[in-house]
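Reading through the structure tokens given below for one structure.
The values are calculated or read from the model by the stated rules, or taken from the named source; none is laboratory data. These figures come from a predicted structure and were not determined experimentally. All Cβ positions, glycine included, derive from the backbone under ideal geometry; neighbour counts span all protein chains shown.
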Amino acid sequence: MLDYVRVARRHLWGIFGLGLVGLAIAISLAFRMTPVYKADATLVVEPNNTGFSLDKQYVSSSAMWLFYETQYTIIKSRAVAEGALDSLDLLDKRLAEEKKQKARADDSSILDTLKEQFGIQKEAEKPQTPEQHRSQLRSRLIAAIANSVKVKGGKRSEIIRISYESSKPQEAADIVNAVAQAYIAYGLSERSSGAQQDTSFLDEQLKKLKANLDRAEADLYTFQKAEGMVDTSQQSDIVSAKLSGLSSEYIKAQTTRSEAEIRYNQALRIKKAGASYDSLGAVINNPTVQAMHSDVNAAERKLQELSERYGNKHPKIISAKADLKQTQRALNAAINKVIESLRKEYDVALSQERRIERLIKKQKIDVSQLRGKAFKLAKLEREVNDNREIYESFLKRFKKEDIAGEYQVSNARILDAALLPEAPFKPNKARMILIGGILGLLLGFGFALLREKLDNTFRTTEQLEDKLQLPVLGVVPLLKKLPKDKAAEKHVANEPRSTFAEAINHVRTGLLLSDIDHPPQVLLVTSSVSGEGKTTLSSNLAITCSQLAPTLLVEADLRKPRFGSVFPETLHHAGLTEVVSGQTSLQEALQHETSVPNLFVLNSGTRPPNPLEFVSSDAFKKILAALREKFTYIIVDAPPLLAVADALVLATLVDGTILNVQSESTTHKMASDSVRRLRQSGAHVMGSVLAQDDSKRMAYYGSHYYHYYDAYYSDDAKA
């Protein structure tokens, strides 16, 4: 966040300028735009038909959504727009306005006259008849209303809002109300037309369905009469009842036959064994047999009594015996009759069982034969029922539609009619101006960020150290508006208590502390390209070093020497080239800078034909070795690295090299290429210096120590 604030501070005026431009454009547009008025009307639209209905309709949420989406489309349709246009008589009003405008217009306008004078003819327009123009204008007005009407609402309530925008407030309100009325009228018309169509359709269908029902009923009646069958449900009940009754009778007959068979088999077993039937239950329980037993017992008692009184040949004994035999014969006959009745009872029960069994088999055969007829009967009955249900359903719907057609009520009504707008809806001048200013500021800030992104120069020591992977020895501030007689190359001598001088001292301290035991003696100052302030750095660094010990400033830039303008006394004096070539002695070439104690200057001298071979010669190396013996510090001002190879050769002959980088000018690639060349040549690169840095702009990048220097020296001046 702090980085963005600094970017804004660095480009404050540019951002502010674009903000003013955006503000001016917004003000111009806001006051030039035609005021637009907006009118709103509110409708209540129920999703179900609010007309007379026989049952309550419930609408699901999805169906409701589809319903309201459909209503939006209807409201914005050309049909509704056409109804609104006709209700307001807008077409005739617009034609009247055009007629008035045409009457006021000058047929031969100045522009047309000029075109005729210069030979510019108007493009021929195809003439239109009044009917064609009226039809075309009507279509345009309908399309304009349909496209301009806005509809919303109906999502979570039954409220729909209709709005319309126009430059005329009365027109906006009138059109909204007319659209609402046209929508309601359209709905009623569609319902009435739909009801009539439905009624007509249903009437035709009812006739067809009634004919189908009559035919199906006639087929069913004919089949029932021919086959002697009732309906399938009754026929099924009859068959089921018959089978059920026969089954019950059959079970009873089986039971009766089984009981008779048991009694009869008992009698047969007794007869076969030759035993008496007196133990047989049917004999014992027979009243006749019981009476006969009583008679036999009575005859036996009488014979017993007579035998006690008379002899065997007594007539009474003979008569009593005869009576006893007669009674016994009667008893045996009664028993035989009981046994015969058991046989007959068994035969009757067996016959009854077989008869019922035959009836059941016959009934099953009849059921099987009846099944095919029942299927056809059921089919005919289904046809009758289906035709009757369809007919009754259509009849019910026909009655409903007939009643609904007579009692049509709209499902939409106006809740709030549109009122005359009192103020323009747009443009919102305050908001436009605010947005214009904000957009201008944002655009300015965007350009500032883009500029920062595209800027590949060095602005901070952090960037310099990160890109070059070298220690930053110091930052040299930019010298602004120096007097003509005050050279920047001697500013440390002229202003020893300035911020600039303190920055050079900082660089010197960094160099000396880089190796306390063996501090560098010969230092080379170079840059990537010319104009980066390396001569200013080298000369001022020599001045600060001379404050510690004898120092020599050597001008090794043999291609574009500048010492003549900085040190005028060396302008026509023998220099480095004369010493190396042996034309003069080293003692004669050295010039003492009178304004700075312990500082000596050795200018470049006459420009050699081949500077690279010159600095690569053994003679040059010997001279440099001789200078080491005379001075504690030697500062060599070398040519740029990227322009020529002289600095690379010189860098191999010195104790350390300082790369001067101009703030906000030297690109990352230039500096990186320079360092790469120095390292490839085997030079000892001690560090870099960020030169010509604006302290105020530097503060925007987060570096504030120049303000500390200024505050310190200003306090000292006040003291």
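Observations, loosely collected:
- Strands (runs of 3 or more DSSP E) completely within the range 592-705 that count 2 or more residues being surrounded by 14 or more Cβ atoms within 10 Å (Cβ to Cβ) and more than 60 Å from the chain's Cα centre (by Cα): 599-602, 633-637, 656-662
- Taking the range 305-319 as the range and being at pLDDT 80 or above and small (Gly, Ala, Ser) as the test, the residues that pass are Ser307, Ser319.
Here is a yes/no grid of residues against (1) modelled with pLDDT under 85; (2) of a type in the set (A, V, I, L, M, F, W, C); (3) assigned by TED's automatic domain parsing to the domain that holds Phe563:
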residue	(1), (2), (3)
Ser585	no, no, yes
Glu593	yes, no, yes
Phe600	no, yes, yes
Glu613	no, no, yes
Ala619	no, yes, yes
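- Applying the condition of being modelled with pLDDT under 85 and in contact with a strand residue (DSSP E or B) (Cβ under 9 Å, 6 or more places away or on another chain) to the range 36-70 and asking which residue is nearest to Glu165 (Cα to Cα) yields Tyr68.
- Per the listing Lys152, Lys122, Lys115, the residue uniquely modelled with pLDDT under 85 and not in a helix (DSSP H, G or I) is Lys122.
Quick grid of which residues meet (1) part of a loop (DSSP other than H, G, I, E, B); (2) surrounded by fewer than 19 Cβ atoms within 10 Å (Cβ to Cβ); (3) over 60 Å from the mean Cα position of the chain (by Cα):
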| site | (1), (2), (3) |
| --- | --- |
| Gly474 | no, no, no |
| Lys481 | yes, yes, yes |
| Lys484 | yes, yes, yes |
| Ala493 | no, no, yes |
| Pro496 | yes, yes, yes |
| Ala501 | no, no, yes |
| His506 | no, yes, yes |
| Leu512 | no, yes, yes |
| Asp515 | yes, yes, yes |
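- Residues of the range 513-539 that are without any contact (Cβ under 8 Å) to a residue 40 or more places away in the chain and either closer than 15 Å to Leu641 by Cα or not β-branched (Val, Ile, Thr) (or both): Leu513, Asp515, Asp517, His518, Pro519.
Residue by residue, here is whether (1) loosely packed, with under 15 Cβ neighbours inside 10 Å; (2) more than 30 Å from Phe500 (Cα to Cα) holds:
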| position | (1), (2) |
| --- | --- |
| Lys426 | no, yes |
| Gly440 | no, yes |
| Gly444 | no, yes |
| Glu452 | no, no |
| Glu462 | yes, no |
| Pro477 | no, no |
